[in-house]
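The values are calculated or read from the model by the stated rules, or taken from the named source; none is laboratory data. Everything numeric here is computed off the predicted structure, so don't read it as measured data. Methodologically, a virtual Cβ is constructed for each residue, glycine included, from the backbone with ideal geometry; neighbour enumeration extends over all protein chains shown. For the accessible areas, the whole protein counts, side chains as well, though only heavy atoms, and no ligand, DNA or RNA atoms are used. Shrake-Rupley method; radii C 1.70, N 1.55, O 1.52, S 1.80 Å.
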Amino acid sequence: MTDLLDERFAPTRVFAHIKGRLTFTIEPPGHDLVLSDPVIDDEVMAGQPTALALAPGARAAAVLVGLVAYPREVRVLLTQRAAGLRVHAGQIAFPGGKIESYDDSPAAAALREAHEEVGLPPAHVEPLGYLDPYVTGTGFRVIPVVARVEPHFDLRLNPGEVEDAFETPFAFLMDAANHSLHSREFDGKLRQFYAMPYGERYIWGITAGILRNLFERLYS
């Protein structure tokens with residue numbers, strides 16, 4: 001396991017590195033976000049980072065990859081989805097949801113959703129850039145918004161959406177030794193996905209895929 005005191009993961013170095021690597025440009029350019037509800041192309045599968053994530057036909061969504069900047073370490077804010085939700089019930093996720101027509105940007109949508117789901121005050125959040133888009137099997141094109149989060153906030157969970165919120169060390173999640181690649185059959189097709197188990201928390205699927213993309217953008 002990665003040493004939490006590893007200088008690579010000192011907060012000042014982490015955030016300087018992120019600012020040097022990420023931008024607010026969504027790749028590939030040339031496609032506008034879709035704010036309506038068309039049906040996604042059947043060939044775009046769940047949790048796979050792909051250029052098709054910006055093709056027409058997917059609903060736009062954003063999630064907040066919140067990096068909490070404690071004095072000696074960075075931790076990642078994650079949620080456990082409520083058990084009664086129609087899709088992905090009980091799974092580990094980032095705060096987020098659909099980009100509405102009144103949201104100024106994916107970053108604005110991610111901040112709004114994080115405030116609605118867990119009560120994270122927008123004043124504590126500084127967006128730093130976007131990761132690669134993802135497409136889910138439920139038809140959403142997800143833009144991950146990486147952001148610095150100032151600590152010492154009080155969360156208020158929306159019980160209809162979130163069962164729990166917790167933090168995981170950034171250093172653990174950015175250690176490739178903690179990334180395991182699995183295969184499973186989805187709808188008759190074999191698909192690969194990452195998993196990053198941490199204690200009793202099983203981080204996998206699109207959440208682990210986004211974290212893997214963050215690792216690749218920063219340290220690969």
Residue set Y194, Y198; condition within 13 Å of V76 (Cβ to Cβ) and among the hydroxyl-bearing types (S, T, Y); output residue Y198
Which residues, taken from region 170-203, are in contact (Cβ under 8 Å) with a residue 40 or more places away in the chain, surrounded by 19 or more Cβ atoms within 10 Å (Cβ to Cβ) and part of a strand (DSSP E or B)?
F193
Under 6 Å between Cβ atoms, at least 6 apart or on separate chains: pull out the pairs that start in region 8-27 with a residue that is over 15 Å from P144 (Cα atoms) and end on any residue that is part of a loop (DSSP other than H, G, I, E, B) and of a type in the set (A, V, I, L, M).
none
Members of region 145-175 that are touching an Asp or Glu at 6+ places or on another chain (Cβ under 9 Å) and more than 19 Å from Y219 (Cβ to Cβ):
V149, E150, L157, N158, E161, V162, A165
Meets criteria (of a type in the set (V, I, T) and over 15 Å from V65 (Cβ atoms)) for T136:
yes
Look through region 115-141, keep the residues that are open to solvent by 10 Å² or more (accessible area, probe 1.4 Å) and aromatic (F, W, Y), and return whichever of them is modelled with the highest pLDDT.
Y130
Which one of these is modelled with pLDDT of 90 or more and out of contact with any strand residue (DSSP E or B) (no Cβ under 9 Å at 6 or more places or on another chain): R201, R156, R212, R112?
R156
